[in-house]
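Undergrad: My structure is below; once you've seen it, I'll send some questions.
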Amino acid sequence: MRVMAQTAMVMNLDKCIGCHTCSVTCKQAWTNRSGVEYVWFNNVESRPGQGYPRTYQDQDRWQGGWVRTRTGRLKPRSGGRIKRLLSIFANPILPRMRDYYEPWTYDYEHLLTAPAGEDLPVARPKSLLTGEDTKVTWSANWDDSLGGGNEVLAGDPILQRVSDQVRQEYEKAFLFFLPRICEHCLNPSCAASCPSGAIYKRAEDGIVLVDQDRCRGWRMCVTGCPYKKVYFNHRTGKAEKCTFCFPRIEIGQPTICSETCVGRLRYIGLMLYDADAVAKAAAVRDEHDLYDAQRSVFLDPHDPKVAAAADRAGIPEDWIDAARRSPVWDLIMKYEVALPLHPEYRTMPMVWYIPPLSPVVDVLRDTGHDGEDPHNLFGAVDALRIPMDYLAELFTAGDPAPVRDALNRLAAMRAYQRRINLGEKPDGSIPAAVGMTTGEMDNMYRLLAIAKYEQRYVIPSAHAEDAHRLEGLGAECSLDYEGGPGMYQTGPFGEASGTPVPVQVETFHMLRDRQTADEPRRLNLLNWDGKGTPEGMFPPREEDRS
Amino acid sequence: MNTFLWVIFPYLSIVVLIGGTVWRYRYDKFGWTTRSSQLYETNYLRWGSPMFHFGVLFVLIGHVIGLLIPKSWTEAVGITEHLYHLMAVLIGTVAGLCTLIGMAILILRRRLTGPVFAATTRNDKAMYVVLGSVILLGLLATVKANIAGGGYDYRETVSPWLRSLFTLRPDAALMTAVPASFKVHVIAAFVLFACWPFTRLVHAFSAPVGYLTRPYVVYRYRDPRGGLRPARPGWEPPR
C-alpha cells in the first residue's frame, strides 16, 4: 500500500445556475493573455449540448483516455509509445481551432475614427489570429442554455448514445449546467501521452501540472486528455492547463473558481488513496465496475491503519486530519451522492459531481404533481428515463443504478427536510428507504445546504516551514510566471523566448510601450502613472504648431 | 584560404553549435519548443511535415554512413564501391526529394495560410533560407556528380577530411580537389550548424526517445523550497 494524498473537488450540479462567474474569474486569473485567448481552464457547458471543444466526449473521434488491451492492461486510446512517436510530426487527431473557436475582438477604434457619414459606424469583429475581418460562428458556450435548438443539440455525443425513444421525448427539454475544470486524474492520460515527460502529477497533493521548461510542444497531451482540458498556447508553443490554482491551494485557499462560485456548489477536500492500486482499478474489464473500482482505491483516513501508513508515507499529521474532515470524502464515500465524470475514460478523474435532481422535480411539477412528495419523487426518478440515461452516460459509463441511488438520496433529503420545514414531525421512514439514518440525513443536508466556507473548503496548507515563501507566492501577481504577461515581448528566438523579466521592470516597460505606441492623440489615461505630461495628453501649443 | 575554409571555419562553427546550445538551454528553456502551428492549419501540415521530417531523418542516416564510417569498413563486410554507390544515390535521392517536397509544402503553407504566416518570425525566415539552401545544394551536388556526371567518390576525400576534424588532426589538403558543388554544400552546412542553436531547430535535440522507456505517469515532488534560510546539515525539517 502506497498512500498518497489528492486534492479533489465535488460540484453539486443542482445548485449550478450557469452564471459563468467561475469561468470569467478563472479566465481573468490565468488565461487573459495572447496565445490562450481561446482557452478556458474552467468552462460551464449546457447539458444537453456539444460541449467545448465541440463534441469532445466522442472518443471514437478524439481518441482521448485509455483503452483496456486484450491482456488486461491499459494503453492510451490514441496509441502506445511507438505509435505516438511515429505520428509526432503531425498529430493526426489534434482538435482544430474551429473545434474550439476562433478568438476574436472588435474594431472599437473604428467607432471613434470613422469619418462622418450617413450610416452609424460599426465595430466589426476581427480575428485575433490573423487580424482580418471574421464572422463569429461559435464560441466556448455558443449553445448556452439550449441555444441553437435541435440543430446544435443533435451534435451532442451523449444524446446520440441514448436510445431513440429517449431522444424523441426530448421536447421536454431537460437542461442543466456542467462546470468543468481539469480532473487532476489519478491515472492521467495526458501525462502518459507526453513524450517529453513534462506533465507530472505532484506527489504531495496530486495536482497535475505542465512543466513549462520541459514542454517541447509535441501536442500529444491535447489528444491524450479525454476531457480536452490541456490546451496548446499557440504563441509560446507550450501546453497549458488548469493548475487547480496551486499557489492558492498551497496557502490553504480554495481555487478561484470555487472562491467566486455564486451558487457555492463547489467542495474541496483531500482524499487519501492507494497509488499502487490505481492501475489495476483503472483496468477492470467491465466499464460499469469503474465507479466502484475507483471508490475502492480511496483509503479511509478514520482507519488507524491507514493513518499509520499515511504517516509512514510522509503525509503530515495535519493533512491526515484534513482528510478526516474532507467534505469530498463525505460526499463520495459516506453519502454516496457524488459521481465521477466519465469513468469509462479510465483516467480516474478526481473532480466529482452530484447529479442534478432539479430536472426531475421540474417535470413533476409541470405535470401537476407535488414535486416534493417522496412517493412521487421516488417513482419519477425511476420512470423518467431521460435524465437517468443521460446522467448515467455522463457519470457511470451508462449504468443507471448508481445514478438512481444518488438521485433517490437527494429526493429523500428534499422530502424529509420539507416536512421539517413545514413543522411536521420528521419521518424516519424516508431516510430509511434510501438506507440512511435520520442523523446522516441531517448531516448530509447541512453539508449540501448550509455548509460554511470552512466546511466546504478543507484545504491543509503546504508545509509550515514554507509558509513565508508561500505567502509570497500568494501575494505575487498570479500571472507573473513564464508565459504570463511578463513574456509579452518578442525575444530573439520567436514569441516569448528569453528569461522572464522581473515584474516591476516588465510593468515599467509595458507602460512606456503602451504610452508611446499609439498615436499621440490616443493616450491611454488608464496607463498613465501620474508623472509628467506624456506627449498627446494635451493638444499641441499654438507656438509649436507653426 | 584553404586552412580557413576547411579547418578554422568548421571548428568555429562546431564551437558555436555546442556553446550556443548549452547557452540557449541555460538561458532559454522556455523558448525551447517546436512552436508548432498545427492548431492553425492541419491539412497541408499532415502531408508536408512527415514527408520533410522522415526524409531528413533518412538523409541524416545516409550522411552518418557515408561520412563517419570509413570506406575500408564497409568494404570489409563485402559492400563494393559500386553497390554502395548505387544504394546511396538511390535512397539518397529519394529521401532528398522527399525532404525537398515536404519542405516546399511547408514553406508554401507558411506563406499562404494567414495565421501561420502571422506567427512566422524573422528568425524563422532566415532559418528557412539557410536550411533550404543546404538541402538544395546537397541535392544539386548529388545530382550533378552522380546522375549527370560520372559519379564522384566523396568517401576518398570529404569523409576522411571530416573525420580528421574529429580526431583533431585536420587535413585541409584533402578538400582541395573536391568539386565545387560539394564544397559549397559543406560550407553551407557548417553555416547551418552555427545558426542551429539560435533557431527553432533546437527542437531536434530534444527528440523524445526517452518516452519509449519511461513509465506512463510521472510523479514529481514539489521543489524543495526550504523556507527562507538554507538547510543546514543535521537539521531535519519539522513535520
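The numbers here are math on the coordinates, done by the rules we state, and not lab data. This structure is a prediction, so every number in the text was calculated from the model and none was measured. Glycine also receives a Cβ, built like all others from the backbone with ideal geometry; neighbour counts cover every protein chain displayed.
Undergrad: What residues have an amide H closer than 5 Å to that of A:CYS242, excluding those fewer than 5 places away on the same chain, when H is modeled at 1.01 Å from N in the peptide plane?
TA: Hits under the 5 Å cutoff: A:CYS182.
Undergrad: On to the next question. Which of B:VAL22, B:VAL130, B:VAL217 moves the most in a Gaussian network model of chain B with Cα springs under 10 Å?
TA: Judging by the Gaussian network model, the answer is B:VAL217.
Undergrad: Compute and list, largest first, the equivalent-ellipsoid semi-axes of chain A from the alpha carbon gyration tensor, each √(5λ) rounded to a whole angstrom. Show your work: numbers first, answer last.
TA: On the way: eigenvalues 368, 168, 130 Å².
Ellipsoid half-lengths, sorted descending, are 43, 29, 25 Å.
Undergrad: Can I ask one more? Straight-line reach from A:LYS15: which lysines fall under 20 Å, measuring Cα to Cα and dropping same-chain residues less than 8 apart?
TA: Answer for A:LYS15, where 20 Å is the Cα cut-off: A:LYS452, listed by chain and number.
Undergrad: So if the hydrodynamic radius of region B:86-173 is defined as the Kirkwood radius over C-alpha pairs, what does Stokes-Einstein give as its diffusion coefficient at 20 °C and 1.002 mPa s, in µm² per second? Don't skip to the end; give the middle numbers.
TA: Details: Rh = 15.5 Å.
The diffusion coefficient I find is 138 µm²/s.
Undergrad: Continuing with the same structure: Shielding by partners for B:48-58, please: the mean number of other protein chain Cβ atoms within 10 Å of each residue's Cβ. Mind showing how you got there, number by number?
TA: Details: counts 2, 4, 6, 2, 2, 3, 2, 0, 0, 1, 0.
The per-residue average across the peptide is 2.
Undergrad: Show the residues, 5+ positions off or on another chain, whose built amide H is closer than 5 Å to the amide H of A:VAL44.
TA: For A:VAL44, the qualifying residues are A:ARG180.
Undergrad: What is the average number of partner chain Cβ atoms found within 10 Å of a Cβ in A:233-241? Walk me through the intermediate numbers first.
TA: On the way: counts 2, 8, 2, 4, 12, 6, 1, 0, 0.
Whole-number average of other-chain Cβ neighbours for A:233-241 is 4.
Undergrad: Taking a threshold of 23 Å on the Cα-Cα distance, which of the pairs A:LYS135/A:LYS238; A:LYS75/A:LYS228; A:LYS201/A:LYS241; A:LYS27/A:LYS531 fall above it?
TA: Working: A:LYS135/A:LYS238 28 Å; A:LYS75/A:LYS228 18 Å; A:LYS201/A:LYS241 13 Å; A:LYS27/A:LYS531 32 Å.
Correct reply: A:LYS135/A:LYS238; A:LYS27/A:LYS531.
Undergrad: Once you list every other residue whose beta carbon is under 11 Å from the beta carbon of A:ARG419, what net charge do they have if Lys and Arg are +1 and Asp and Glu are -1? Display every interim value, and only then the final one.
TA: On the way: positive: A:ARG414, A:ARG418, A:LYS425; negative: A:GLU372, A:ASP373, A:GLU424, A:ASP427.
Taking every other residue near A:ARG419 into account, the sum is -1.
Undergrad: Sticking with this one: Alpha carbon centre of region A:174-225 versus region A:11-45: separation in Å?
TA: 17
Undergrad: Write out the trypsin sites (Lys or Arg not before Pro) in region A:254-287 meeting two conditions: DSSP loop, and at most 10 other Cβ atoms within 10 Å of their Cβ.
TA: Answer in residue order: A:ARG285.
Undergrad: Could you work out which residue, out of B:LEU212, B:LEU68, B:LEU90, moves most in a Gaussian network model of chain B, that is, has the largest mean-square fluctuation with Cα springs under 10 Å?
TA: B:LEU212
Undergrad: What are the residues whose amide H is under 5 Å from the amide H of A:ILE199, where those residues sit 5 or more places off or on another chain and H is modelled from the backbone?
TA: A:ASP211
Undergrad: Just to be sure I understand: with springs between alpha-carbon atoms less than 10 Å apart, which residue in B:SER206, B:SER13, B:SER49 has the highest mean-square fluctuation in the Gaussian network model of chain B?
TA: Between B:SER206, B:SER13, B:SER49, it is B:SER206 that shows the largest mean-square fluctuation.
Undergrad: Run the helix sum for chain A: -39,500 (n - 2.57) per DSSP H stretch of 4+ residues, divided by residue count, reported at 222 nm to the nearest 500 deg cm²/dmol. Don't skip to the answer; put the middle values down first.
TA: On the way: 26 runs with 190 residues, N = 546.
The helix contribution divided over chain A gives -9000 deg cm²/dmol.
Undergrad: Another question, then. Projecting each Cα onto the charge dipole of chain B (Lys/Arg +1, Asp/Glu -1 at the beta carbon, about the Cα centre), which of B:THR113, B:VAL56, B:ILE91 comes out farthest on the positive side?
TA: The Cα lying farthest towards the positive end belongs to B:THR113.
Undergrad: Related question: Just how large is the dipole of chain B about the Cα centre, in debye to the nearest 20, putting +1 at every Lys and Arg Cβ and -1 at every Asp and Glu Cβ? Please report the intermediate quantities before stating the final value.
TA: Values: 24 positive and 10 negative charges, 260 e Å.
Dipole size: approximately 1240 debye.
Undergrad: Another question about this same structure. Quick one: Karplus J couplings for region B:70-76, per residue in order, coefficients 6.51, -1.76, 1.60, θ = phi - 60°, nearest Hz, x for Gly and Pro?
TA: The phi angles translate into x, 4, 4, 5, 5, 5, 5 Hz.
Undergrad: Which lysines, on any chain, are close to B:LYS144 with Cα under 30 Å apart, when same-chain ones fewer than 8 places away are left out?
TA: Correct list for B:LYS144: B:LYS71, B:LYS125, B:LYS183.
Undergrad: Continuing with the same structure: Taking GluC sites (Glu not before Pro) as candidate sites, keep only those in a DSSP loop with at most 14 other Cβ atoms within 10 Å, then name the longest stretch of chain A containing none of them. Let's see the in-between values first.
TA: Values: sites that count: A:GLU118, A:GLU132, A:GLU424, A:GLU476, A:GLU535.
Looking at chain A, A:133-423 is the longest stretch - no exposed GluC sites (Glu not before Pro) with at most 14 other Cβ atoms within 10 Å.
Undergrad: Run lengths n ≥ 4 of DSSP H only: what is the helix-derived mean residue ellipticity at 222 nm for chain B, with -39500 (n - 2.57) per run over all residues, to the nearest 500?
TA: Numbers: 8 runs with 129 residues, N = 239.
When only DSSP H runs of four or more count, the value is -18000 deg cm²/dmol.
Undergrad: Cβ under 14 Å from A:ASN42's Cβ, A:ASN42 left aside: what net charge do those residues give with Lys, Arg +1 and Asp, Glu -1?
TA: Details: positive: A:LYS27, A:ARG180, A:LYS228, A:LYS229, A:LYS241, A:ARG248, A:ARG266; negative: A:GLU45, A:GLU183, A:GLU240, A:GLU259.
Here the charged neighbours net out to +3.
Undergrad: Please get the size of the charge dipole for region B:61-143, origin at its Cα centre, with Cβ charges of +1 on Lys and Arg and -1 on Asp and Glu, quoted in debye to the nearest 20. Display every interim value, and only then the final one.
TA: Details: 6 positive and 3 negative charges, 106 e Å.
With only Lys, Arg, Asp and Glu charged at Cβ, the dipole is about 500 debye.
Undergrad: Okay, next question. Antiparallel versus total DSSP beta bridges in the protein assembly as shown: what percent is that, nearest 5? Walk me through the intermediate numbers first.
TA: Numbers: 34 of 41 bridges.
The antiparallel proportion sits near 85 percent.
Undergrad: I'd like the distance between the alpha-carbon centres of region A:111-159 and region B:98-143, rounded to an integer number of Å.
TA: If you average the Cα positions of each part, the centres end up 35 Å apart.
Undergrad: Here's another thing I want to ask about it. Quick one, could you list the DSSP H helices from chain B stretching 24 Å or more along their long axis (Cα atoms) with average Kyte-Doolittle hydropathy of -1.0 or above? Intermediate values should be presented prior to the final figure.
TA: On the way: long enough: B:9-27 (25 Å, 0.75); B:43-63 (31 Å, 0.69); B:81-112 (45 Å, 1.29); B:122-142 (30 Å, 1.08).
Those that pass (Cα extent of 24 Å or more, hydropathy at least -1.0) are B:9-27, B:43-63, B:81-112, B:122-142.
Undergrad: Over all residues in B:39-45, what is the mean tally of Cβ atoms on other chains that come within 10 Å of each residue's Cβ?
TA: Working: counts 15, 6, 2, 8, 1, 1, 4.
That works out to 5 on average.
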